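Structure, as structure tokens:
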Amino acid sequence: MEAFSDAVIAIVITIMVLELKVPHEVHWAALRPLIPTFLSYALSFVFLGIYWNNHHHLLQAIEQVDGRVRGDLHGGDPAGLRRAVAGLRAIRTGGDHLARPGPPHRKAARPLNAVGRRWCLAHARVDNNRIRSLYSHPSNPRGGIRVRVFWIFLVVLCLAGAVAAEVRVEPIEYKQGDTTLRGQIAYDDAAKGKRPGILVVHEWWGLNDYAKERAKMLAEAGYVAFAVDMYGEGKTTEHPQEAGEWATAIRMNQKLGAERFNAAYKLLAADARVDAGRMAAIGYCFGGSVVLTMAMNGADLAGVASFHGGLPTEPAPGKVTASILVCHGAADGFATPEQVATFQKNLADAGADWEFISYGGAKHSFTSPDADKRGIPGLAYNEKADMRSWAALMHFLTEVFE
């Protein structure tokens, strides 16, 4: 019984640890949304520790248990605890009913520390001839108050954990001309005040779960993020040929692409939770090309970040005001060294504030866990490059929004 209960409690603790997610960011602010959850977990560990200590003490204090033992050992009912422990004493001493006092006997094994002694058996302890409850014993008149205050405090903080910050995602339908676009907004419903807004532009597959998940991650980091629909009707595909046709249609008609991007920009800027003076955009693959093109053409953004995105080679028509972060795979065969050099020269000529990070060994789509499943040569997920590039993004956003 003791080993079985140990195993169950160990499993519960393991599950709790695994459910406490590690933040994707590398700065202290990233821990702030986890504080309510962490407090709830810490108190849960305290409760489990008390429970574990109690059952070990109980099992060490007796020699035999049978069906005559009854009482609420978990609920904290003093009467139930007294009945249960008295029953254990009766069994231990060979008595034939629960109320019979036993002869003097060896004292029950006690926990090794003061905390264990105090909370042992949920505040009841076995003595030679009597059971004294710390809830109401005359020698401890304040014990009952302290115990009740503790449990009230525990319940309140656990409830605080239950209503902790939660990221909400909501689909939003909007328009660009006659075209219906279907995006998704993500935000922390517990955050107060206006926050920076970030547009997330999808890969050439369309607005799928990957882009939506990235928007959610940004919301967890304290931003309001909007996953943009660049194709209309929220359509997606798994076929490379179809994806290529859709992406090419936008690339060949930059006016249309800008209009769809700006439709999402206006929607996010108008959101009551967003500080319209602090806006940025990120994009993946096709989306990276979109946000870089918008920045090169003078979009009113604090910054843009591209992940394994296509690199525009046309010179900027004017000064680039948005800060630019490019996270690029050094082994990305979809961008030639000449294209990289031309892109960087154009940024320098436009007076841009830019950073170009090249991850050794990383191929195209290095941030997408499903890249290898596509069956397309040159695409591969790279976990290290994924994590490092996201950390670079978090640092970049913190900097541009200061």
Exercise for the section: Please verify whether the stretch 340-356 includes one or more residues that are closer than 26 Å to Glu242 by Cβ, in contact with a Ser or Thr (Cβ under 9 Å, 6 or more places away or on another chain) and assigned by TED's automatic domain parsing to the domain that holds Val200. Expected result: no
Exercise for the section: Scan the stretch 348-357 and give yes if some residue there is part of a loop (DSSP other than H, G, I, E, B), over 26 Å from Val274 (Cα atoms) and not charged (D, E, K, R), otherwise no. Expected result: yes
Exercise for the section: Check whether at least one residue in the stretch 322-333 is in the same structural domain as Phe286 (by TED's automatic domain parsing), hydrophobic (A, V, I, L, M, F, W, C), without any contact (Cβ under 8 Å) to a residue 40 or more places away in the chain and assigned to a strand (DSSP E or B), and report yes or no. Expected result: yes
Practice task
Determine if the stretch 217-224 includes at least one residue that is of a type in the set (A, V, I, L, M), within 21 Å of the chain's Cα centre (by Cα), part of a strand (DSSP E or B) and farther than 25 Å from Leu379 by Cβ.
Solution key: yes
Exercise for the section: Please verify whether the stretch 178-194 includes one or more residues that are of a type in the set (Val, Ile, Thr), assigned to a strand (DSSP E or B), under 32 Å from the mean Cα position of the chain (by Cα) and in the same structural domain as Asp386 (by TED's automatic domain parsing). Expected result: yes
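Can you go through Gly298, Gly277, Gly329, Gly318 and tell me which one is more than 26 Å from the chain's Cα centre (by Cα) and within 21 Å of Ala362 (Cα to Cα)? First the steps, then the outcome.
Numbers: Gly298 fails: within 21 Å of Ala362 (Cα to Cα); Gly277 fails: within 21 Å of Ala362 (Cα to Cα); Gly318 fails: within 21 Å of Ala362 (Cα to Cα).
None of the other options fit; the residue is Gly329.
The values are calculated or read from the model by the stated rules, or taken from the named source; none is laboratory data. What you see is a predicted model, and the numbers here were worked out from it, not measured in a lab. Counting neighbours? That spans all protein chains shown, and the Cβs are built from the backbone with ideal geometry, glycine included.
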